[in-house]
1. Can you give me the long-range amide H partners of B:MET86? Hydrogens built in the peptide plane at 1.01 Å from N, cutoff under 5 Å, separation of 5 or more residues or another chain.
2. Just by accessible area at a 1.4 angstrom probe, what is the order of B:TRP223, A:TRP189 from largest to smallest?
3. Can you give me the pair-distance distribution of region B:35-143, C-alpha pairs, 5 Å bins, whole percents?
4. Any idea which of A:ASN719, A:MET255, A:PRO340 is furthest toward the positive side of the dipole for chain A, if Lys and Arg beta-carbons carry +1 and Asp and Glu beta-carbons -1?
5. Would any residue of region B:289-325 have its amide N under 11 Å from a label point 7 Å out along Cα→Cβ of A:MET467? List them or say none.
6. Report ³J(HN,Hα) in whole Hz for each residue of region A:191-208, in order, from the Karplus equation J = 6.51 cos²θ - 1.76 cosθ + 1.60 where θ = phi - 60°; Gly and Pro get x.
7. Each residue of region A:647-654 in order: what ³J(HN,Hα) in whole Hz does its phi give by Karplus 6.51 cos²θ - 1.76 cosθ + 1.60, θ = phi - 60°, with x for Gly and Pro?
8. Which GluC sites (Glu not before Pro) in region B:261-325 sit in a loop by DSSP (not H, G, I, E or B) and have at most 10 other Cβ atoms within 10 Å of their own Cβ?
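The values are calculated or read from the model by the stated rules, or taken from the named source; none is laboratory data. Just so it is clear, the structure is predicted and the values come from calculations on it, not from any experiment. Note that we place each Cβ from the backbone using ideal geometry, even for glycine, and neighbour counts take in every protein chain shown. Accessible surface areas use protein heavy atoms only, side chains included; no ligands, DNA or RNA. Shrake-Rupley method; radii C 1.70, N 1.55, O 1.52, S 1.80 Å.
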Amino acid sequence: MIRKVLLVKGIVQGVGFRPFCAKLAKELKLGGSVQNNSSGVLIELCGSNENIDEFSKKLLDEAPPLAMIQTIEIISEEKLLGPIGEFTIKASERQEMQLVLIPPDIATCDDCLQEMRDPNDKRYRYPFINCTNCGPRYTIIKELPYDRTKTTMACFPMCDDCSSEYNDVTDRRYHAQPNACPECGPTLWLCDARGKKLASNDEAIALAKAHLKAGRILAVKGIGGYHLACDPRNDEAVRALRARKKRPDKPFALMAKDFKAAEKVVLLNGMARKLLASPRRPIVVCPKAKGCGPLLSAYVAPNIDTYGVMLPYTPIQHLLLEDEDLDLLIMTSANLSDEPLVAGNREALQKLASITDYYLMHDRDIYVKIDDSVIAMAGNTPIFTRRARGYVPQPYISKDVLPPIFGAGGEMKSTFSVSHDHYIFTSQYLGDLKEVASIALYEHVMDMFLSLYEISPLFLVHDKHPMYLSTKIAKDKLPEVKDSLAVQHHHAHLAACLWDNDFQGEAMGLILDGTGFGDDGNIWGGEILVGNAKSFIRWGHLLEAPLPGGDKAVLEPWRFALSILLKTFGLDKSMELADKFWPDRKRTSEALIRNMNIYVKTSSAGRLFDAAASLLGLRDAVTYDAQAAIELEALAKGRECAPFRLERENGHLILDWRPAIEWLIMGLMGGKRKERLAAGFHDGFAAALAQACKDISLETRIRHVALSGGVWQNKRLLNVTCALLRRAGLEPLVHKNTSPNDECISLGQIAIGIERWSK
Amino acid sequence: MFVELKHGSGGRPTQQLIGEILSIYGDNSIKDLEDCALIEGGLGVTIDGFTVSPRFFPGGDIGKLAVCGSTNDLAVRGVKPMYLAMSILIEEGLPKEELIKVVKSAYGVSKELDVKLVAGDTKVLPRGQADGMYITCCALGKAVTGRPWGINNLSSGDILVITGPIGKHGALISALHYGLDVDQLASDCAPLWPLMQPLTEVAGVKCARDCTRGGLGTVLCEWAEGAGIGIEIEEDLIPLDPEVASVADVLGFDVLHLACEGTAVIAVAPDCAEYVLSSLRVLAPNCTAIGKVTEDHPGIVGLKTEIGGIRVVDMLAGEMVPRIC
Ligand SMILES: [Fe+3]
Ligand SMILES: [Mg+2]
Ligand SMILES: [Zn+2]
Ligand SMILES: [Zn+2]
């Protein structure tokens, strides 16, 4: 008989790890104890050598679904002198160093759902049912160690029943911090737009469903904030939601009762199903099902060929979607324009009053706001377009101890990252920092991360852009860093993609996005880089053209379209074409053409796709980010290949789009179908990118190609480029755990900082 | 490192350049960066250089601009303009009648304000070493308010009043510079003292600023950062000329960054906002309240937009148009 003490590190707290250990120990007739401490979980085992080995094996094989075991360390091993004794769970202890990892929020598990649907269960239809394997986590934790008193559940003292579950090692709710029942837990109620309570609990659900069926708009409190819900089949309701939210086109996410309901409107492949059903429950963007058109209002996701769908992940959502005639709901983040979503009850009453008819509210507070995660399916390849609920705050783990660095991130799709010990923690998507409310969120989450993990960054990495607010906030909040570094935006993209793929060597980088501040003061965004986190060279880029009207040009793609017409056809022909394409904008277009030389130049690939969309007559102005390019992708059908040209100029490889623009205009004039023109623009561009990589590979022997930047959310471009690269014997590196868009900038900044400050 | 055009924008780079210059002077300079300095004897003094191109424009010329620009800096601190000192740099070959025309125009405003020219200097530079003429104007006057107007007085709840439509001077000069036709547009170039004088008696007036280079947006950022307060303004309350909007649209400028030359923003205690507005209305019929000082988001200026969010307003980052004033 021996006594062995193990220290398990990783995500092992708040995921049912201790009860799991207790159960396992009982099975194997082991004595000892298990205890959370600030470095992980400490397990003391007393019993036969064999059984203890078996325990260690099962620990890895059968760990609870959201546990992430990083290491199992043997602290001590000795002969057992006394008896084996009982296996107990000991109270948490707080130590000096705090390295516990917080689990993300977890969708309601099947066991809980079963109970919730069992009329004999005390939690029958209870909207806050949860257990050790499911429920809110990240969003309710205020402090570590993870104990009820440190969460927003602290104000709900458990009843005797709940308390005995909580304290019973064998129970599914053993130390489930949000544990509650109808007697002691939070309550649900429905109120009108002025906050007048109309019904509680199950009656509130019934009334809410009735209102949804009647075409009303509801604000429904979820895990990370409120959703706005309405019936997607009801044209009038969807239009009302668009009008009230002042959101004319941006697609609304759907929540489907189950796969069956989802498949009425989208095509699901194996990977999509896996993601949809995973306990992380992201929104998965899938192709619209053939013939689903008449089923839903055309205003749910206009002008595009996909729907974003998710499955219910809270008991409330399961209850709302239980009827066959309400098996699909619009569930869009409740926010004003680009602000962060609304999460507090008072905040909701104040901010959503003009949008919603009713509120489905409850009194379990959300300590930190977090949006739904969004993953788009490019065939079988999942691409994050927003990494948030269900994924955050799961860290990247490095085998090395990392210097403590804060990466301030970008600006539009802002996140920050912070390295500490063996980990890199990346915040959730924090929104556009040009919004005052996003700044507050950024600061709140930053404070939270730094205090929860007790990190004091010694180094700061930020973007080179002189005006990024993320830089300003980070500098204000971290005045005492030892050193800081300004990193070029697209270098950060490259480094992020390499880190995400755990790739150490040199790589090419096809970095395609909307805007990044270039080393030469121009706006970059169509960059062919060679390098790694240590350094990079700008091997080549898209042909540059003036961006007439700065930020205005982002909202009005026709402006850059005009600029590329001028560059392609010269003054006379471009004037003529401008008159034809934009007759109402004659006055402005003439002024722009005359002054084209005053505007900053850009090599942006995002703007190029926007411009192509405008030339094809899709739209001249956008109402949401990348709308024109998204619609161009949706339009593309068939096989064509627009001619792009590669040239060497002053040692730089220039990807010249002028032949493709000529081809586009010729095609338009010749009456070629726009679907084919759009397809040709995508595939021709992909071919040119692949060719560029082939050329560089011949010269450098480098085989890997990192694909980063928001443009890689374009599924067609991604698939065609990857296929062409592979055919050429090259290996594309696609983002895995983070988005290719600017959400990844902070991770890349950390990767670059690690190169700089690791001794 | 070189001085760049952006350092003359009036925005953030200008602020940084001034910071560097003042750091050389250390304690031998004034620390609060107001438009005019209040010095011993209850006096206020300011100096400004004028290089505007073109020198004559609808609504004014470099001479009128020089007197308005310098005396306005006094007026917005509650200082009655009384004396001027003027230095004129002239390029060889400038038609004399043009010089006379400019000086007459300057005299016109001076007379209207009852300010005396008490010191002056002229220099002639060889052809090519200056562009026509530049004027530097120093204005001196007497502080007449009970407490000096300044950003230290700002506090949560104060109402922000603008005396008229914004950005007219900047839009006009930009339009002329880039060859846009705007026949309806004239500069707002005008003296502010007649407007401000009645307010010097009102105790609730806290702080004022003429929104010159960098525009209203830059001024408010300076207030928010300088006083550590938050500011919130509403997009649809800000008076705006359609012609100005159109110039900004074409050139991609933010109207909040377009310069004014006779339009001030004034912070007043909430209880006397109505009084101030009615008093201003006599001479400035388009004056209006556009927002307020808040406790939220200290150091940040927010713009409530039509679609409901609150956008961050930052200072102008680079130059928009060279030589605007
Ligand atoms: Fe980017
Ligand atoms: Mg001045
Ligand atoms: Zn459960
Ligand atoms: Zn209970």
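1. HN-HN under 5 Å from B:MET86: B:ALA119, B:GLY120, B:ASP121, B:CYS138.
2. Most to least solvent-accessible, the answer reads A:TRP189, B:TRP223.
3. The calculated distribution, bin by bin, is 3, 13, 23, 24, 17, 11, 6, 3, 0.
4. Towards the positive end, the residue furthest out is A:ASN719.
5. Once the point is set 7 Å along Cα→Cβ of A:MET467, B:313-320 turn out to lie under 11 Å by backbone N, inside region B:289-325.
6. 9, 7, 4, 9, x, 6, 5, 10, 6, 10, 6, 5, 5, 5, 4, 4, 5, 4
7. Whole-Hz 3J(HN,Hα) from phi for region A:647-654: 9, 9, 9, 6, x, 9, 8, 10.
8. B:GLU295, B:GLU306
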